[in-house]
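Note sheet for the following structure.
The values are calculated or read from the model by the stated rules, or taken from the named source; none is laboratory data. Remember, it's a predicted structure, so these values are computed and weren't measured experimentally. All Cβ positions, even for glycine, are placed from backbone atoms using ideal geometry, and neighbour counts span all protein chains on display. Just the protein is used for accessible areas: all its heavy atoms, side chains included, with ligands, DNA and RNA removed. Shrake-Rupley method; radii C 1.70, N 1.55, O 1.52, S 1.80 Å.
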Amino acid sequence: MSMNVSRPEPRHVRPRQVVAAVSSGLRVFVQTAPLSLAYAGGFAVLGAGFISLLVALGLAPMALPLVGGFLIVAPALLTGFFAMSAAQRRGRKPTWRDVGGGFLQSPPSLWGLVLVCLFLFVIWLTDAGILYSFMLGRSYTGWKMLLPFSAELLRFHVGAVVAGGLFAVIAFSITAYAVPLLIERRANLVVAVSASVRAIFRSIPANLTWSFLLASTIIASIFVPLLLMVTLPIAAFATEALYRAVFPDEQG
């Protein structure tokens, strides 16, 4: 597909369209369930492994900043889900070949944006680590230390959220619609990011609703890997549905 560097113009969407997008995401998940579960399952296992490592090292409170930071780099996973959805729309069952082809055919500009997200992710964790050393500064072992059950841990998590909030807003604004635009080669990097930011500010209530649903669902699900295998694909397919409402296909 040739790159279209014309300026995509976002449409205004309302919160009820977010609900419709989630419903659409659920339908696509049901239609692609075996592959979606397997694809998301790999990341669920990886996430559970990282959290287990933090618990074993006595850094259990750092799990929440790690999970929150995952949302910054998660847009990179959309490539595989978009490939599944594309195969399903063509009337055939998606396979691992589709997923692999989706990644191989992705434009370099997409991975440039992913690198920016990784940079923000590293800053997020670095800030959280500095807060940890100043506000906690000792070993916290055990799975119960994952959550802020004490005033001490609560202060740390609130501080981490405040410190990382700006990075989360930046990442969401530049990737929410830019990643799908880049995957489908409808814009170059600069145009896609600009279009994504315009789309966010054109429909603030809807995008606030979507960002809250996305963050709360994925963060809660990461602590229950089996649940993440379901919520991650639904969120990805819902993201595509919302993207198509904001940036309709040029043919239709």
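A235 falls short of the stated requirement of being open to solvent by 50 Å² or more (accessible area, probe 1.4 Å) and of a type in the set (G, A, S). Residue under question is Q105, and the condition is that it be among the polar types (S, T, N, Q), open to solvent by 50 Å² or more (accessible area, probe 1.4 Å) and without any contact (Cβ under 8 Å) to a residue 40 or more places away in the chain; does it hold? When the stated conditions are applied, Q105 passes them.
Here the condition is being free of Cβ contacts under 8 Å to residues at least 60 places away in the same chain and either touching a Leu at 6+ places or on another chain (Cβ under 7 Å) or among the polar types (S, T, N, Q) (or both); of V19, V73, it holds for V73 alone. Considering the conditions (1) assigned to a helix (DSSP H, G or I); (2) in contact (Cβ under 8 Å) with a residue 60 or more places away in the chain, P94 is excluded by exactly one of them, (1). Against the definition (part of a helix (DSSP H, G or I), open to solvent by 50 Å² or more (accessible area, probe 1.4 Å) and of a type outside the set (D, E)), how does L213 come out, yes or no? Criteria met by L213.
Does P65 count as in contact with a strand residue (DSSP E or B) (Cβ under 9 Å, 6 or more places away or on another chain) and in a helix (DSSP H, G or I)? Steps first, please.
Working: in contact with a strand residue (DSSP E or B) (Cβ under 9 Å, 6 or more places away or on another chain): no; in a helix (DSSP H, G or I): yes.
Here the answer is no, as P65 does not meet what is asked.
Taking L35 as the residue in question, decide whether it is more than 28 Å from V116 (Cα to Cα) and either assigned to a loop (DSSP other than H, G, I, E, B) or touching a Phe, Trp or Tyr at 6+ places or on another chain (Cβ under 8 Å) (or both). Spelling it out, L35 is indeed more than 28 Å from V116 (Cα to Cα) and either assigned to a loop (DSSP other than H, G, I, E, B) or touching a Phe, Trp or Tyr at 6+ places or on another chain (Cβ under 8 Å) (or both).
From the list A187, A245, A195, exactly one residue is touching a helix residue (DSSP H, G or I) at 6+ places or on another chain (Cβ under 7 Å), more than 28 Å from L64 (Cα to Cα) and either open to solvent by 30 Å² or more (accessible area, probe 1.4 Å) or among the charged types (D, E, K, R) (or both). Which is it? None of the others qualify; the one that does is A245. In segment 165-187, the count of residues that are at pLDDT below 80, farther than 21 Å from A241 by Cα and not in a helix (DSSP H, G or I) is zero. If I ask for residues that are farther than 12 Å from S173 by Cα and either among the aromatic types (F, W, Y) or open to solvent by 50 Å² or more (accessible area, probe 1.4 Å) (or both), which ones from segment 199-208 would you list? Residue satisfying the conditions is P205 alone.
Is it fair to say I200 is at pLDDT 85 or above and under 28 Å from L35 (Cα atoms)? Please lay out each step first, then the result.
Values: at pLDDT 85 or above: yes; under 28 Å from L35 (Cα atoms): no.
No, not satisfied.
In segment 216-230, what count of residues is obtained for those that are surrounded by fewer than 21 Cβ atoms within 10 Å (Cβ to Cβ), among the β-branched types (V, I, T) and touching a residue at least 12 places away in the same chain (Cβ under 8 Å)? Result for segment 216-230: 4. Here G165 meets each of (1) at negative phi; (2) over 18 Å from the mean Cα position of the chain (by Cα); (3) surrounded by 12 or more Cβ atoms within 10 Å (Cβ to Cβ); (4) not aliphatic (A, V, I, L, M) with one exception, condition (2).
Determine whether S133 is among the hydroxyl-bearing types (S, T, Y), over 28 Å from A33 (Cα atoms), in a helix (DSSP H, G or I) and open to solvent by less than 50 Å² (accessible area, probe 1.4 Å). It is false that S133 is among the hydroxyl-bearing types (S, T, Y), over 28 Å from A33 (Cα atoms), in a helix (DSSP H, G or I) and open to solvent by less than 50 Å² (accessible area, probe 1.4 Å).
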